[in-house]
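K.L.:
Take this structure first; my questions come after.
No value in this document is a laboratory result; all are computed from the given coordinates. If you're wondering where the values come from, they're calculated on a predicted model, not measured in any experiment. For neighbour counting, all protein chains shown are included, and Cβ atoms are generated from backbone atoms with ideal geometry for every residue, glycine included.
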Amino acid sequence: MIGQAANFVRALVVSCARASKIGPMEAQKTFDEMWGRDDSLRQPYEDFNAWFTAEDAARLRKKQAEAERLFRLTGITFNVYGRAEAAERLIPFDIIPRIISGREWSRLARGIEQRVRAINAFLHDIYHRQEIVRAGRLPAEMIAKNEAFLPQMIGVTPPGGVYTHIVGVDLVRTGPDEFYVLEDNARTPSGVSYMLENRETMLQMFPELFSKNRVQPVSNYPKQLRRSLAACAPDGAGEKPTVAVLTPGIYNSAYYEHSFLADKMGVELVEGHDLRVVNGRVAMRTTEGYQPIDVLYRRVDDDFLDPLNFNPDSALGVPGIMDVYRAGGITIANAPGTGIADDKAIYSYMPDIVEFYTGEKAILQNVPTWRCSDPSSLAYVLDNLADLVVKEVHGSGGYGMLIGPTSSKRELEEFRRKLKSRPNNYIAQPTLSLSTVPIFTKSGLAPRHVDLRPFVLVSPKGVDITPGGLTRVALKKGSLVVNSSQGGGTKDTWVLEE
Amino acid sequence: MLGKTAGGLYWMFRYLERSENTARLIEAGQRIALTRSSSADDEWAGVLQSAGAFAGYLVAYGEEVTRDGAIDWMLRDKDNPSSVLNMAEAARNNAKTVRTALTREVWESINENWMTLKEALARKIPERDLPEVLTLIRQRSAFVRGAMHGTMLRNDIYNFARIGTFIERADNTARILDVKYYVLLPSAMAVGTNIDNVQWQNILRSVSAEGGFQMTYGQDARPREIAQFLMLDKRMPRSLAFCMDKIRDNLGYLVADYGRRLPCHDLCDRLALNTMSHSIDQIIEMGLHEFITDFLKALAELGGQTEIDYRFYI
């Protein structure tokens, strides 16, 4: 298991319907975002295709190699745990952009904003009156028995009322207008530095592409992040709140991103041992003594945040920070306890949650989910196991999971037993036919499966969504694994101006 | 600025300086070994001593000092914390920790330094490849320095980096003098005698000062002049006086920046005064070895006090 990396480097957990099988969803030809289902060039890719056709393949191959060199030089690597030698690896970058039209994006953006607002409202409710439970829309045990629920947060309202300052909403696509939310990331979503560096690299290598295509910029993200965090500072922080990024340190898999964001925001990058509670404030040790912090963008998990309140063995956190937090002396972003909102068991209730708090139907669809705790759902799942994906409710990183269509009889039987003995522990989903986007290979363009993680900022001033996000691509033919430790890569994601 | 960041910068540049100086010492040692027929391996004990790597070597290899053993220990042995390879990695890890304080150019140059050296030092270096590898080490280090001069703001970040550089450099030059003082000493008594040609060239070569010395003193190498040049000449960028000047300047800028004088500033003034207020003849009369021993001790104290005053660790 690769620890902290799990959040970002994760297998796509919806598998692909095989053409030969008729699953619960009609199997049909995979939707390619460049060529559609019938090999006719889709409109957002027209200008790009004209450019690409005129390009010399040898030059592009050289550019692809140059991109890799640039990444290595900048140090955009991730650490792989458990390997002393060559512990740093590059996430492969593919030079063919994924292009989304302005129209497609505005619909997505509306859906994302709605969902993120609902998540915040849900978190506030869950740690206060629990109206959604009282209203009978969510079973009480979904909260009470959930490990992601943090009793220490009961009755605590974070400064500005914001719980999830930074959210990553993982989306998959199955057709021109069909997007599904695969997962919400409401704890410490990572990957945004790749989104920014991918664009930076493309701008450097193919400036001419950007004068032909009007691509919405992403480079404002660090500035917006800082503004958004500052807007969530506790009362009395003054005009210019002191913001800092908390990292577990240089050996963390996402360290590059932590330092990247601190650098671009122009704030200090701190570790637990730089911090201490001084006079009721969390303060950092500077060359001139201790200086209080107003907003801490922490990239350390809840459990390690405060050895006095959570895991007593943690050396990554700050003893007593939760007490300062509860007294309103510091903003922690994201708030502790937000994990209850991106829990897999809660996921299946998201359509209800969105409706309950916004009064509107959810714009973005969930992947249909059967909760095996429900006897009739369990029966259906057992009957259709070979066509379904079964996941552990609290699992992550693609572990403890069954992908029906690619599993052997023995594996299916084993899961059948597991499901019968602990149905509460599982959910099941249909196999979706995930969209593809071409990548650049030795023999030209070739379609590969992708997903998308847009990044969302929340503050009392509003919700900011950076156009696009991080596209992860399974580089192996037919593979659905976008996991960067298993041959997954990334692409620049373009949202065209409308 | 975080205390940790100040410490990270300081050590990053100490490591970088040390690895460059180690390469230079090996270069000089190799040269002398090649120009002398007998007891060539004797030279390597001195080189190890100058590099501050002798004690560790004895533990790892035992009493017998060989050329190959010494070079491998200093360049790439994982168990030698001061090997060039370990220094390159330590410098880069420090750079990672203080990434937000560095410009992209400085970070990239230190990262490339590590990537290049990791590859170049992956295997034992055959004799014929040694010159190339040593040049590479010095070159990469020069790139980092160049990136730093060209792109870094002259603020506290820069000052901590510079303080680390010059404390390490003063320390290294003093060590070379200390190991070789006996070469200078006996003949120093006999005024006007030229010392062993190869030996003095080696000393100058270890600090890249042959050309500078010749420009200043001509062909005659008298021990007194060499000691004068390496200790007191303020034009010579590796002399003790030059380094002390720089340390004092950079600590002084911190006083201006932060508006506060701290104990390390007094220590620095005292050490600078002590170094500068004697003529070379007085120093030789007092005892070169004693003088250098005192200097090294005071320098270490200054480094320690700086760490405390600027909250590197606590």
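K.L.:
Over the Cα atoms of chain A, what radius of gyration and what Dmax do you get, in Å?
P.N.:
Using the Cα atoms of chain A, the pair Rg, Dmax is 22.7, 69 Å.
K.L.:
While we're looking at this one, here's another question. Residues with beta-carbon under 14 Å from that of residue A:159, excluding residue A:159: net charge, scoring Lys, Arg +1 and Asp, Glu -1?
P.N.:
For residues surrounding residue A:159, the net value is +1.
K.L.:
Still on this structure, please answer the following. Can you give the FRET efficiency for residue A:235 and residue A:29, using 1/(1 + (r/R0)^6), R0 = 56 Å, r = Cβ-Cβ distance, to the nearest 0.05?
P.N.:
After rounding, the FRET efficiency stands at 0.50.
K.L.:
A follow-up question, please. Excluding residue A:487 itself, what net charge comes from residues whose Cβ is under 13 Å from its Cβ, given Lys and Arg +1 and Asp and Glu -1?
P.N.:
+4
K.L.:
Suppose R0 equals 56 Å. What FRET efficiency, 1/(1 + (r/R0)^6) with r the Cβ-Cβ distance, do residue A:219 and residue B:132 give to the nearest 0.05?
P.N.:
Working: r = 41 Å, r/R0 = 0.74.
Between residue A:219 and residue B:132 the formula returns 0.85.
K.L.:
Oh, and also: Consider a paramagnetic label point 7 Å from the Cα of residue A:278 along Cα→Cβ; state which residues of the stretch A:243-266 have an amide N under 16 Å from it.
P.N.:
A:243-244
K.L.:
If you don't mind, another one. Taking 7 Å along the Cα-to-C-beta vector as the label spot, tell me the residue A:374-residue B:269 distance in nanometres, rounded to one decimal.
P.N.:
Here the modelled spin labels are 8.0 nm apart.
K.L.:
Would you work out the charge dipole size for chain B about its Cα centre, treating the Cβ of every Lys and Arg as +1 and the Cβ of every Asp and Glu as -1, and quote it to the nearest 20 debye?
P.N.:
The dipole of chain B has a size of about 980 debye.
K.L.:
Quick one: if the Förster radius is 60 Å, what FRET efficiency do residue B:255 and residue A:421 give, using the C-beta to C-beta distance and rounding to 0.05?
P.N.:
E between residue B:255 and residue A:421, to the nearest 0.05, is 0.25.
K.L.:
Please state the charge dipole magnitude for the stretch A:221-330, taken about the Cα centre, from unit charges on C-beta atoms (+1 on K and R, -1 on D and E), reported in debye and rounded to the nearest 20. Walk me through the numbers on the way to the answer.
P.N.:
Working: 11 positive and 15 negative charges, 79 e Å.
Here the stretch A:221-330 has a charge dipole of around 380 debye.
K.L.:
Among the GluC sites (Glu not before Pro) in the stretch A:268-358, which ones are in a DSSP loop with at most 16 other Cβ atoms within 10 Å of the Cβ? Mind listing them?
P.N.:
When the GluC sites (Glu not before Pro) of the stretch A:268-358 are filtered for loop state and at most 16 Cβ neighbours within 10 Å, A:288 remain.
K.L.:
For a 30 Å ceiling on Cα separation, which of these pairs sit above it: A:223/A:491; A:344/A:442; A:62/A:477; B:118/B:297?
P.N.:
Beyond 30 Å between Cα atoms: A:344/A:442; B:118/B:297.
K.L.:
If you don't mind, another one. Taking 4 °C and 1.567 mPa s as the conditions, I'd like the Stokes-Einstein D for the stretch A:341-498 in µm²/s, using the Kirkwood hydrodynamic radius from alpha carbon pairs.
P.N.:
72
K.L.:
On alpha carbon coordinates alone, what is the Rg over Rh value for the stretch A:301-431, Rh being the Kirkwood radius?
P.N.:
1.11
K.L.:
Out of the chymotrypsin sites (Phe, Trp or Tyr not before Pro) in the stretch A:395-498, which ones are loop residues according to DSSP with at most 15 other C-beta atoms within 10 Å?
P.N.:
Loop-located and lightly packed - A:399.
K.L.:
What is chain A's relative contact order, in percent, from Cα pairs under 8 angstrom and six or more apart in sequence? Before the final figure, lay out the partial values.
P.N.:
On the way: 974 pairs, mean separation 132.6, N = 498.
For chain A, the relative contact order is 27 percent.
K.L.:
Between the stretch B:250-307 and the stretch B:106-133, what's the alpha-carbon centroid distance in Å?
P.N.:
Taking the Cα centre of each part, the stretch B:250-307 and the stretch B:106-133 sit 34 Å apart.
K.L.:
Using Cβ counts within 10 Å as a stand-in for footprinting exposure, how do A:449, B:265, B:278 rank, fewest first?
P.N.:
On the way: A:449 28, B:265 19, B:278 16.
By the 10 Å Cβ count, ascending: B:278, B:265, A:449.
K.L.:
Do any chymotrypsin sites (Phe, Trp or Tyr not before Pro) in the stretch B:257-314 lie in a loop, going by DSSP, with at most 16 other beta-carbon atoms within 10 Å of their beta carbon, and if so which?
P.N.:
Details: sites: B:258, B:291, B:295, B:310, B:312, B:313; in loops: B:310, B:312, B:313.
When the chymotrypsin sites (Phe, Trp or Tyr not before Pro) of the stretch B:257-314 are filtered for loop state and at most 16 Cβ neighbours within 10 Å, B:313 remain.
K.L.:
While we're looking at this one, here's another question. Once label points are set 7 Å from the Cα along Cα→Cβ at both residue A:365 and residue A:327, what is their separation, rounded to one decimal in nm?
P.N.:
Modelled inter-label distance: 5.2 nm.
K.L.:
At 7 Å along the Cα-to-beta-carbon direction for both residue A:413 and residue A:62, put a label point, then send me their distance in nm to one decimal.
P.N.:
Those two pseudo-labels are separated by 5.9 nm.
K.L.:
Using amide H atoms built 1.01 Å from N in the peptide plane, name the residues 5+ places from residue A:286, or on other chains, whose amide H lies under 5 Å from its own.
P.N.:
It is A:291, B:3, by chain and number.
K.L.:
Please report, in Å, the Rg and the Dmax of chain B, where both are computed over Cα atoms only.
P.N.:
Calculated on Cα positions, Rg and Dmax stand at 19.3, 59 Å.
K.L.:
Say a site is exposed when it is one of the trypsin sites (Lys or Arg not before Pro), sits in a DSSP loop, and has at most 16 other Cβ atoms within 10 Å; what is then the longest site-free stretch of chain B?
P.N.:
Between exposed loop sites, the widest span is B:155-233.
K.L.:
So what are the three principal axis dimensions of the stretch A:406-462 from its Cα atoms, in whole Å, longest to shortest?
P.N.:
50, 43, 15
K.L.:
Please state the charge dipole magnitude for the stretch A:391-488, taken about the Cα centre, from unit charges on C-beta atoms (+1 on K and R, -1 on D and E), reported in debye and rounded to the nearest 20.
P.N.:
280
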